[in-house]
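Asker: Before I ask anything, let me first share the structure, which is written out below as structure tokens.
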Amino acid sequence: MAAFTEIVIEQGATFETTVEVNDVYNNAVNLANYSTESQMRKSYNSSTSYTIDTSITDETNGEITLSITAANTANLPAGRMLYDLKITSNTGISTRVVEGIAVILPAVTR
């Protein structure tokens, strides 16, 4: 079961957060042979998606950084979206490790 976490993204500002992937015993998952991907959508059925950039920043300790540039957050619609982060092993096994609500705060200064 994926962890549920709310994230807050400010329009026009750089967004970055780190996720630690642990197993059921709370030990870090070694991400040496994994790929990552993350998206946001207004609803589960929405055909429009917004990519959250992902990078494995510490594969031994199971750390993944999620980020969006300021230029890209400026183009996000204000409001609430759903997001998740999925890891896939080199053998093709996919696991959703975190999911939740992304709150996009509108910008005043443009």
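The values are calculated or read from the model by the stated rules, or taken from the named source; none is laboratory data. All values derive from a computational prediction rather than experimental measurement. Here the Cβ is made from the backbone with ideal geometry for all residues, glycine too, and neighbour counts use every protein chain on show. Please note that ligands, DNA and RNA were not included when accessible areas were found on the heavy atoms of the full protein model with its side chains. Shrake-Rupley method; radii C 1.70, N 1.55, O 1.52, S 1.80 Å.
Asker: Yes or no: the stretch 74-84 includes at least one residue that is in contact with a strand residue (DSSP E or B) (Cβ under 6 Å, 6 or more places away or on another chain), more than 24 Å from GLU20 (Cβ to Cβ), open to solvent by less than 20 Å² (accessible area, probe 1.4 Å) and in contact (Cβ under 8 Å) with a residue 12 or more places away in the chain.
Answerer: So far as the stretch 74-84 goes, yes, one or more of its residues are in contact with a strand residue (DSSP E or B) (Cβ under 6 Å, 6 or more places away or on another chain), more than 24 Å from GLU20 (Cβ to Cβ), open to solvent by less than 20 Å² (accessible area, probe 1.4 Å) and in contact (Cβ under 8 Å) with a residue 12 or more places away in the chain.
Asker: In this structure, is ALA107 open to solvent by less than 70 Å² (accessible area, probe 1.4 Å) and not in a strand (DSSP E or B)?
Answerer: It is true that ALA107 is open to solvent by less than 70 Å² (accessible area, probe 1.4 Å) and not in a strand (DSSP E or B).
Asker: Which pairs have Cβ atoms under 6 Å, sit 6 or more apart or on different chains, and link a residue in the stretch 94-105 that is under 16 Å from ASN75 (Cβ atoms) to one that is at pLDDT 95 or above and open to solvent by 30 Å² or more (accessible area, probe 1.4 Å)?
Answerer: Here the result reads ILE104/ALA78; LEU105/GLU10, each pair linking the stretch 94-105 to a residue that is at pLDDT 95 or above and open to solvent by 30 Å² or more (accessible area, probe 1.4 Å).
Asker: Considering only residues of the stretch 20-56 that are open to solvent by 80 Å² or more (accessible area, probe 1.4 Å) and among the β-branched types (Val, Ile, Thr), which is nearest to THR91 (Cα to Cα)?
Answerer: VAL24
Asker: Surrounded by fewer than 16 Cβ atoms within 10 Å (Cβ to Cβ) and in contact with a helix residue (DSSP H, G or I) (Cβ under 8 Å, 6 or more places away or on another chain): which single residue out of THR88, THR14, THR5, THR69 fits that description?
Answerer: The conditions single out THR14.
Asker: Looking only at the stretch 65-73, decide whether some residue is out of contact with any His (no Cβ under 9 Å at 6 or more places or on another chain) and part of a loop (DSSP other than H, G, I, E, B).
Answerer: Scanning the stretch 65-73 turns up at least one residue that is out of contact with any His (no Cβ under 9 Å at 6 or more places or on another chain) and part of a loop (DSSP other than H, G, I, E, B).
Asker: Starting from the stretch 28-45, take each residue that is charged (D, E, K, R) and list its partners that are open to solvent by 80 Å² or more (accessible area, probe 1.4 Å) and not in a strand (DSSP E or B), counting only C-beta distances under 9 angstrom and pairs at least six apart or across chains.
Answerer: ARG41/SER47
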